[in-house]
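The values are calculated or read from the model by the stated rules, or taken from the named source; none is laboratory data. Bear in mind the structure is a predicted one, so any value in this text is a computation, not a measurement. We work out accessible area using only protein heavy atoms, side chains counted, and drop any ligands, DNA or RNA first. Shrake-Rupley method; radii C 1.70, N 1.55, O 1.52, S 1.80 Å.
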Amino acid sequence: MTDFLSNWYPWIKAMHVMSIITWMAGLFYLPRLYVYHVEGLNKKGIVRDTDQELLFRHQERLLLKAIMNPGMIASWLFGLMLVLTPGIVDWSTIWPWTKAVAVLGMTWFHMWCAKERKALADGSADRTGRYYRMMNEVPTVFMIVIVSSVIVKF
């Protein structure tokens, strides 16, 4: 198994990066859709269960299910393969631990997005556009920690 991981390391790393780009695109965009959704309901005259509101729910569901979930799963799969590749991670340094914590945080944020999508879909969401705007910055913080950890290797 370690021979496979070592021989395929560049491809595994490439797949990991592509998966992360996919996942992050969704993590950046879904909370922004929530802003438009709740502000449309609260300020712009969008009425619950109309075609326009149903379109928001459809976009949010597809973004989560068809893009973000596969992106997250692939990121984890290829990331774990990289961790298991001999000589790649030195666990005696700080960077793999900071990256691991940030990846867990990003996974939590993904789950939070899924919970909020369900609340918006069933009409029980009570968040404001401002709240979703602030939460939209969370993946940026995790991205900064992850990229800094991997590139700088502090």
| field | Partners for LYS118 among lysines (Cα-Cα distance below 24 Å; same-chain residues under 8 apart left out) | value | LYS43, LYS44, LYS65
| task | Pull up the cross-link candidates among the aspartates and glutamates for LYS115, meaning alpha carbon to alpha carbon under 16 Å and not fewer than 8 places away within one chain. | result | GLU60, ASP126
| said: Using a probe radius of 1.4 Å on heavy atoms only, what accessible surface per residue do you get for the range 90-143? Whole Å² is fine. | reply: 55
| request: May I ask you to give the percent of accessible area on the chain that is carbon plus sulfur, with a probe radius of 1.4 Å? | output: 69
| query | Straight-line reach from LYS99: which lysines have Cα under 21 Å away, leaving out those fewer than 8 places along the same chain? | reply | LYS13, LYS153
| request: Report the dimensions of the range 29-154 along its three principal axes from the alpha-carbon atoms, largest first, rounded to Å. | output: 57, 25, 19
